[in-house]
Amino acid sequence: MWEKKPILLMLMATAAILVGTIVTMVLPFVWVNTEADRIEGVTPYTPLEQEGRDIYMREGCNNCHTQTVRPLVAEVVRYGDYSKSGEFVYDRPFLWGSKRTGPDLARLGGKYPDAWHFQHMENPSSIYPKTNMPAYGWLSNNALKPDKIRRKVEVLGFPFTEEQIAELATKNEMDAIIAYMQKLGNDIPWRQTARTEIVGELRNPFAGADQTTLAAWKPLYQSNCSACHGANMEGGIGPELVGEYYDEETLFRLIYDGIPELGMPAYANLGTERVWQLVNLIKYDQAMGN
Amino acid sequence: MGKPQYHTDIVKSFVNWSLVWGVVAVLVGVIVSFQMVNPDLNYPPYFTFGRLRPIHTNAGIYGWGVGTIFAMFLYMAQRLCKTPLWSLGLAKFQLWLFNITIAASAVTLLLGYSSTLEYHEMEWPIDIMIVVLWVTFSINIIMTIIKRKEEQMYISLWYMMAAIIGIAILFTVNALAVPVSAFKSYSIFAGTNSANVQWWFGHNAVAMALTAPPLAMFYYFLPKTTGVPIYSHRLSIISFWSLIFMYLWTGAHHLLWTPVPDWIQTLAMAFSIMLIAPSWGSVINGYLSMKGQWHQMRDNYLVKFLILGITFYGLQTLQGPMQAIRSFSAFIHYTDWVPGHIHMGTMGWVSLVSVAGIYFLLPRIYGREVYSIPLANLHFWLVVIGQLIWSTSMWIAGVLQAGMWNAMNADGSLTYTFTETMVEMYPYWWIRAIGGIIYLIGILVFIYNVYMTVQKGKEPAPKLLEVEGRA
């Protein structure tokens with residue numbers, strides 16, 4: 001009968017479409033972004049951060065970078081604590097993405113110092129020589145428009161001060177996008193809670209390694225350390241590395257746990273063996289500065 | 001009974017313009033595939049991967065995909081209803097608005113006005129244009145159906161009506177936003193809700209734009225081409241209703257392991273598996289309609305396009321549900337595997353059926369035989385080979401990438417840094433780019449064939465026109 005009655009067919013089709021829609025799309029509004037989802041410490045974006053987020057959207061960064069860490073072992077080890085619903089309540093729209101041509105950015109905030117980001121955006125291959133990330137140094141040439149940004153945070157209902165708006169006049173788009181990236185995933189103290197405790201005695205398994213052995217570990221240094229500490233440990237974004245300044249155990253802890261407050265990332269995910277190799281390289285390699 | 005005076009000029013225009021946008025989509029696709037292997041090919045601020053990729057997807061889906069759907073629906077509706085279009089004026093308005101909207105989308109995306117919602121990146125003024133466009137089209141089709149001279153509505157008309165309603169609901173809800181300026185708005189949905197609404201839209205845009213309409217075409221063009229009816233009417237009824245019911249539950253399979261509530265993910269996973277049944281209902285119906293007609297795969301190039309098209313649809317609807325399983329998604333999601341999957345659907349299924357439709361239409365709208373069957377065969381092999389290179393290279397790349405991302409040493413540390421995993425992708429990205437070029441050449445051969453048909457095609461045999469009279 002419905003094959004002869006178009007209005008009836010369309011009503012039936014609408015009903016068929018709406019069942020799944022209501023259950024899986026409308027109904028979740030009851031549970032998502034509610035008080036139960038709330039996480040203390042998650043704050044709205046400042047005007048500068050929100051503008052950075054809008055630049056991130058304008059440039060389509062989401063086409064290559066995701067912003068959600070899944071509760072899977074390799075993923076948590078690589079990026080950090082898995083993402084929680086309450087962390088995204090101020091995101092309009094969400095920017096979780098669907099493809100990782102580049103790495104996930106959900107836990108990027110606070111991982112590197114601002115100087116690292118400036119250098120990386122200006123010249124990505126200076127940090128990752130074979131990267132396909134395009135350069136975004138040109139963002140530094142674009143001034144921000146305080147009045148437009150004020151209107152944005154007003155519409156979003158985010159709190160702001162006149163000082164914050166006035167300050168925007170002195171900033172450019174690069175400052176904004178870096179401010180945004182430094183906030184990502186950093187509202188919850190996951191680095192402190194995820195920090196591993198080193199138990200037992202630390203013993204250098206490679207004590208007495210000769211210079212040839214040390215030289216073989218250089219690629220490890222180059223792919224993880226040289227971007228900030230220089231090709232020959234002469235320093236750059238991070239300080240010069242002088243082996244004599246540290247004992248083996250201190251150096252191991254600094255690399256393994258990082259120094260979050262100074263922008264030195266933790267390298268626990270390299271594993272103890274490779275961290276020890278770096279310790280020996282930094283302390284005892286004679287070709288590289290020592 | 002005299003033959004109704006069908007409107008064909010409007011169909012011609014939609015065919016031509018969808019071809020224009022199709023070439024734009026494929027060309028931009030080839031460009032961004034080279035940007036992925038060489039970042040120096042990004043020319044900021046406008047010609048960067050981040051801004052061009054949405055132009056590729058939207059020109060493909062809306063310019064080429066929906067453009068062809070417009071052409072085919074305006075053609076099929078008239079024949080299936082045995083009456084001219086309800087309003088030719090409205091259809092002409094629709095053509096103008098369609099081209100303005102697609103052009104405006106491309107320009108605004110290039111300028112960086114993007115909502116970032118995938119396949120819905122256009123900002124709010126364009127969204128309004130799209131809604132008006134869809135309403136214009138819907139009214140014309142629905143009124144033509146209401147005024148029809150044929151009481152029974154054929155299968156293709158069911159799929160058309162479902163698509164009309166589905167896209168209207170999906171697009172409008174996902175577009176809801178508060179404007180802050182002429183080309184900037186903020187979604188009314190935040191965070192996890194925003195994600196869930198977007199993928200309810202995203203996945204069902206695939207259902208309502210890239211599944212239902214090509215199925216409408218397939219159910220129409222296959223019997224028209226082979227001369228034998230669809231094998232089982234009952235199977236097509238079951239497939240239709242279960243397809244449009246089940247699809248809407250599955251959006252969250254794009255969000256497995258994310259903060260979206262687990263029960264939504266589980267429902268999406270279960271319904272994705274169940275969706276194999278209605279999808280394969282159409283595939284099997286297509287295959288069985290070929291009973292006793294398989295020799296036409298050799299004799300009739302159009303059958304080749306249609307049967308390969310429905311075969312890729314069958315493969316797509318097995319691979320898709322597999323990816324929707326949590327454990328498999330954990331491994332493969334976010335890798336290059338997924339673009340490989342999508343392109344089998346768009347280049348394999350949707351485009352093969354759409355071009356079959358266009359080849360079928362050419363003699364009937366231009367009154368000329370297709371210029372060259374050998375060229376059509378060349379076109380067929382180029383696009384199929386191009387697409388297979390494209391997809392298989394990305395599937396292999398995706399498995400490699402996923403394996404490297406997950407590789408861990410005995411002490412629980414990661415084996416590879418992210419950069420090390422990315423560098424391994426370069427050879428596969430090169431192969432993909434080459435696949436894209438082969439595909440593009442195939443499209444250019446097709447367009448040359450269409451152009452020559454219009455310019456130099458022979459007058460069709462009178463028999464063809466008789467067949468047309470019985471439409």
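Miscellaneous remarks
- Residue within the range A:213-232 that is in the same structural domain as A:TYR256 (by TED's automatic domain parsing), open to solvent by 40 Å² or more (accessible area, probe 1.4 Å) and in a loop (DSSP other than H, G, I, E, B) present: yes
- The range A:1-30, subset in contact with a Leu (Cβ under 7 Å, 6 or more places away or on another chain) and either not β-branched (Val, Ile, Thr) or not in a helix (DSSP H, G or I) (or both), residue farthest from the other protein chains (Cβ to nearest Cβ): A:TRP2
- Some residue of the range A:175-198 being touching a Ser or Thr at 6+ places or on another chain (Cβ under 7 Å) and at pLDDT 90 or above: yes
- Tally of residues being open to solvent by 10 Å² or more (accessible area, probe 1.4 Å) and either in contact with a Cys (Cβ under 7 Å, 6 or more places away or on another chain) or more than 12 Å from B:SER187 (Cβ to Cβ) (or both) across the range B:109-132: 12
- Here is the figure for the range B:386-431: residues that are more than 8 Å from chain A (Cβ to nearest Cβ), in contact with an Asp or Glu (Cβ under 7 Å, 6 or more places away or on another chain) and without any contact (Cβ under 8 Å) to a residue 40 or more places away in the chain total 2.
- Filter result (out of contact with any strand residue (DSSP E or B) (no Cβ under 9 Å at 6 or more places or on another chain), aliphatic (A, V, I, L, M) and either facing chain A (nearest Cβ under 8 Å) or open to solvent by less than 10 Å² (accessible area, probe 1.4 Å) (or both)) within the range B:174-212: B:ALA190, B:ALA195, B:ALA207, B:MET208, B:ALA209, B:ALA212
- Test: residue in the range B:39-46 that is open to solvent by 20 Å² or more (accessible area, probe 1.4 Å) and touching a residue at least 60 places away in the same chain (Cβ under 8 Å): yes
- Of the residues making up the range B:162-186, those that are under 11 Å from A:PRO93 (Cα atoms) and not hydrophobic (A, V, I, L, M, F, W, C) are B:ASN174, B:SER185, B:TYR186.
- When residues in the range A:186-201 are screened for being assigned to a helix (DSSP H, G or I) and of a type in the set (A, V, I, L, M, F, W, C), 2 of them pass.
Okay, residues lined up against (1) touching a residue at least 60 places away in the same chain (Cβ under 8 Å); (2) surrounded by 18 or more Cβ atoms within 10 Å (Cβ to Cβ):
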site: A:GLY86; (1), (2): no, yes
site: A:TYR90; (1), (2): yes, yes
site: A:THR101; (1), (2): no, yes
site: A:LYS130; (1), (2): no, no
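- Being surrounded by fewer than 22 Cβ atoms within 10 Å (Cβ to Cβ), modelled with pLDDT of 95 or more and not assigned by TED's automatic domain parsing to the domain that holds A:ALA179 is not true of A:VAL73.
- Test set (1) facing another protein chain (nearest Cβ under 10 Å); (2) among the charged types (D, E, K, R); (3) within 20 Å of B:LEU97 (Cβ to Cβ) - B:ARG53 fails condition number: (3)
- Number of residues in the range A:31-60 that are open to solvent by 30 Å² or more (accessible area, probe 1.4 Å), on the phi < 0 side of the Ramachandran plot and within 7 Å of another protein chain (Cβ to nearest Cβ) equals 2.
- Tally, over the range B:320-343, of residues that are closer than 30 Å to B:TRP294 by Cβ and open to solvent by less than 20 Å² (accessible area, probe 1.4 Å): 3
- Residues considered: B:GLY281, B:GLY292, B:GLY309, B:GLY348. Of these, the only one that is assigned to a helix (DSSP H, G or I) and in contact (Cβ under 8 Å) with a residue 60 or more places away in the chain is B:GLY309.
- Filter result (charged (D, E, K, R) and crowded, with 17+ Cβ neighbours inside 10 Å) within the range A:233-252: A:GLU248
- Some residue of the range B:364-383 being assigned to a helix (DSSP H, G or I) and more than 26 Å from B:LYS456 (Cβ to Cβ): no
- Hey, B:LEU256 more than 17 Å from A:GLY20 (Cα to Cα) and open to solvent by less than 40 Å² (accessible area, probe 1.4 Å) or not: yes
- Within the range A:185-227, the set of residues being without any contact (Cβ under 8 Å) to a residue 24 or more places away in the chain and acidic (Asp, Glu) comprises A:GLU197, A:GLU201, A:ASP210.
- Enumerated helices (runs of 4 or more DSSP H) restricted to the range A:143-185, each holding at least 1 residues that are among the aliphatic types (A, V, I, L, M), within 11 Å of another protein chain (Cβ to nearest Cβ) and more than 24 Å from the chain's Cα centre (by Cα): A:146-156
The values are calculated or read from the model by the stated rules, or taken from the named source; none is laboratory data. The model shown is predicted, which means the values in this text are computed figures rather than measured ones. Cβ atoms come from the backbone with ideal geometry, glycine included; neighbour counts cover every protein chain shown. Only protein heavy atoms, including side chains, enter the accessible area calculation; ligands, DNA and RNA are left aside. Shrake-Rupley method; radii C 1.70, N 1.55, O 1.52, S 1.80 Å.
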